[in-house]
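The values are calculated or read from the model by the stated rules, or taken from the named source; none is laboratory data. Predicted model, so just to flag it, every value in this text is computed and none were measured. No Cβ is skipped: glycine too gets one built from the backbone with ideal geometry, and neighbour counts run over all protein chains shown.
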Amino acid sequence: MLRISLIAVLCFSLSGVANGADWPGFRGPRHNGVTKDSAPAKWSGDENILWKVPLPHPGNGSPIVVDGKVLLNSAEDAEGKIRSLFCFNAQTGKQLWKQTVTISEKMPTHKTNPYCGTTPAAKGNRVVVWHASAGLHCYDLQGKKIWSRDLGEYRHTWGHGTSPVIDGDRVFLNTGPGKKVMVAAFELETGKTIWEVVEPQNGTLDRNEAGKYKGSWSTPIITTYVISRQLISIMPTRVVAYDTNNGDIIWFCNGVSHKRGDLSYSSAVIAGNICYVTGGFKGPSLGIRLGGKGDVTESHRLWRFENQPQNIGTGVVVDGLVYRSNAGPGILDCIDPQTGEVLWKERGTGNYWASIVKAGDYLYATAQDTTTIVFKANPDRLEEISRNQLETEGTCNATPAISDGKIYIRTFSHLYAIGK
């Protein structure tokens, strides 16, 4: 079996320097779904539940944990006109504060994507939340408003879902889908735009020229290749790497588009010197070798396979292999990113919208039926440790947050803290 060996001059680090106990953004302290912190391997709706609190409305946005606080977004009405960022005490579940913004018009979305489907991001005493047409907002951890930005209207028949990413003193955001799709950088302290790059698109707001659906709900990642700090985002038709300093496009790779549409949901995954990508709506998977400049479609795209499972959540990398969960059919699989070969695949308990996370020696895959399969990374088989269901008739599309030995899971009805 092939394994990725790192070149001596190659240095990769995903963004975010946080306290060991914090989970300060989507997919954790380094935005790769991995933490060295350990977490429980067994629970149920009434076993190892430290607390649970009801939420005002269903949502797909994930919780984050920073400075002893759990933060998440939720609409407070069925039409999504009232959008709030909630802050809870991580030890007790007590609500500490909330900050609410309103929008006068009901915006379209899909029934599977309730309003407020994004995840906040935090650093230091700042937390940033993206409410799409209701704006980009920053608060301190005591709930005081610091700044707000109106970036225009973002209208799509399936709603919105990309999350902000904080790196250093900047906030990065893939704003789509909508009329103006851009990747942009903002000052964390002031909200001032540092740079923005508009992504070319064709067709209507939500369909391409062929009449197929289009849009990107992909949250960018940040990585360092040798000395180049890159923001990598999966756009509707291609993968693009931007220079975090000035927004210059370092490289791009075509191939996300396919016969069912121009769509991306999950984030890119960095495995050694490979950027692994899966398109949306049963789109293709791609392996891209890093280090190129400009259009690298011919020079650095190693492989491309059509007709992948429906993929919404993002996988994790362990020992050079990608462990992925899928939304339809609901399978877990293990992939060699050098070749795209699927080493094994097994049916889960349902479809997966949540991203896989890794804590200590265990991987956690949470299905829509609120069951989390805990397993060990194994290139030969699904080495299952336990199955843990929170709600017998519930729904979960959010990615777990792991902090200080505890797991925080958001279902459509409640926020749970799980620990021994």
Scanning the stretch 224-237 for residues that are at pLDDT 95 or above and over 15 Å from the mean Cα position of the chain (by Cα), the one farthest from ASP262 (Cα to Cα) turns out to be GLN230
Here the residues within the stretch 269-308 that are within 20 Å of LYS214 (Cβ to Cβ) and not small (Gly, Ala, Ser) are VAL277, THR278, PHE281, LYS282, PRO284, LEU286, THR297, ARG304, GLU306, ASN307, GLN308
Among the residues listed as THR102, THR119, the single one being in contact with a strand residue (DSSP E or B) (Cβ under 9 Å, 6 or more places away or on another chain), of a type in the set (S, T, N, Q) and within 20 Å of HIS31 (Cβ to Cβ): THR119
How many residues does the stretch 100-138 contain that are crowded, with 17+ Cβ neighbours inside 10 Å and in a strand (DSSP E or B)? 11
Got a sec? Which of THR399, THR392, THR314 is surrounded by 16 or more Cβ atoms within 10 Å (Cβ to Cβ), of a type in the set (Val, Ile, Thr) and under 26 Å from VAL53 (Cα atoms)? THR399
Inside the stretch 371-398, the number of residues satisfying the requirement of being more than 16 Å from PRO40 (Cα to Cα) and either touching a helix residue (DSSP H, G or I) at 6+ places or on another chain (Cβ under 6 Å) or hydroxyl-bearing (Ser, Thr, Tyr) (or both) is 2
Answer yes or no as to whether SER266 is surrounded by 21 or more Cβ atoms within 10 Å (Cβ to Cβ) and either in a loop (DSSP other than H, G, I, E, B) or of a type outside the set (Gly, Ala, Ser) (or both). yes
Within the stretch 353-409, the count of residues that are farther than 20 Å from GLY330 by Cβ and not in a strand (DSSP E or B) comes to 6
Strands (runs of 3 or more DSSP E) contained in the stretch 177-216 and holding at least 3 residues surrounded by fewer than 17 Cβ atoms within 10 Å (Cβ to Cβ): 193-198
Only one residue in VAL256, VAL239 is under 24 Å from GLY203 (Cα atoms) and in a strand (DSSP E or B), so which one is that? VAL239
State whether one or more residues within the stretch 144-165 are closer than 28 Å to ALA241 by Cα, in a strand (DSSP E or B) and under 16 Å from the mean Cα position of the chain (by Cα). yes
Please determine, by comparing only the residues of the stretch 139-167 that are over 24 Å from TRP97 (Cβ atoms), touching a residue at least 40 places away in the same chain (Cβ under 8 Å) and of a type in the set (Gly, Ala, Ser), which one is surrounded by the most Cβ atoms within 10 Å (Cβ to Cβ). GLY161
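Rundown of residues vs (1) out of contact with any helix residue (DSSP H, G or I) (no Cβ under 6 Å at 6 or more places or on another chain); (2) of a type in the set (Asp, Glu); (3) closer than 19 Å to SER163 by Cβ; (4) surrounded by 19 or more Cβ atoms within 10 Å (Cβ to Cβ), yes/no style:
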{"residue": "GLN230", "(1), (2), (3), (4)": "yes, no, yes, yes"}
{"residue": "THR237", "(1), (2), (3), (4)": "yes, no, no, yes"}
{"residue": "ALA241", "(1), (2), (3), (4)": "yes, no, yes, yes"}
{"residue": "ASN246", "(1), (2), (3), (4)": "yes, no, no, no"}
{"residue": "ILE249", "(1), (2), (3), (4)": "yes, no, no, no"}
{"residue": "SER257", "(1), (2), (3), (4)": "yes, no, no, yes"}
{"residue": "GLY283", "(1), (2), (3), (4)": "yes, no, no, yes"}
{"residue": "LEU286", "(1), (2), (3), (4)": "yes, no, no, yes"}
{"residue": "GLY294", "(1), (2), (3), (4)": "yes, no, no, no"}
Failed criterion for ILE418 (all others in (1) under 18 Å from the mean Cα position of the chain (by Cα); (2) under 19 Å from VAL70 (Cα atoms) hold): (1)
